[in-house]
Amino acid sequence: LTPTRPVRVYAGMKIGQIMFFVSEGAIDLYSGKYQASAGPQPSAYWRDLGPSAVTS
């Protein structure tokens, strides 16, 4: 794991979750918002929201 901001992690602290799924059917190659990223990236979840949901 590589943080995009400084973060303190303490012994026993839960910091993540991983889930695995079995793939079925046709495969589509990824072409999303993180395509061609280099290094750790902050969340770009806001890009999935409509314009009215993003406030300054």
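With θ set to phi - 60° and the Karplus curve 6.51 cos²θ - 1.76 cosθ + 1.60, what are the ³J(HN,Hα) couplings of region 8-14 in order, to the nearest whole Hz, using x for Gly and Pro?
9, 10, 10, 4, x, 6, 7
Provide the net charge surrounding Q35, with neighbours chosen by a C-beta distance below 14 Å and charges set as Lys +1, Arg +1, Asp -1, Glu -1.
+1
Go through (1) 0.95; (2) 1.04; (3) 1.16 and flag the label whose value is the computed Rg/Rh (Cα atoms, Kirkwood Rh) for this structure.
Among (1) 0.95; (2) 1.04; (3) 1.16, the one calculated here is (2).
Once label points are set 7 Å from the Cα along Cα→Cβ at both A44 and S31, what is their separation, rounded to one decimal in nm?
Inter-label distance under the simple model: 1.4 nm.
Quick note: the coordinates plus some simple rules give every number you see, no bench work behind them. Just so we're clear, the structure is a prediction, and the values are computed from it rather than from any experiment. Heads up, the Cβs are rebuilt from the backbone with ideal geometry, glycines too, and the neighbour counts pull from every protein chain shown.
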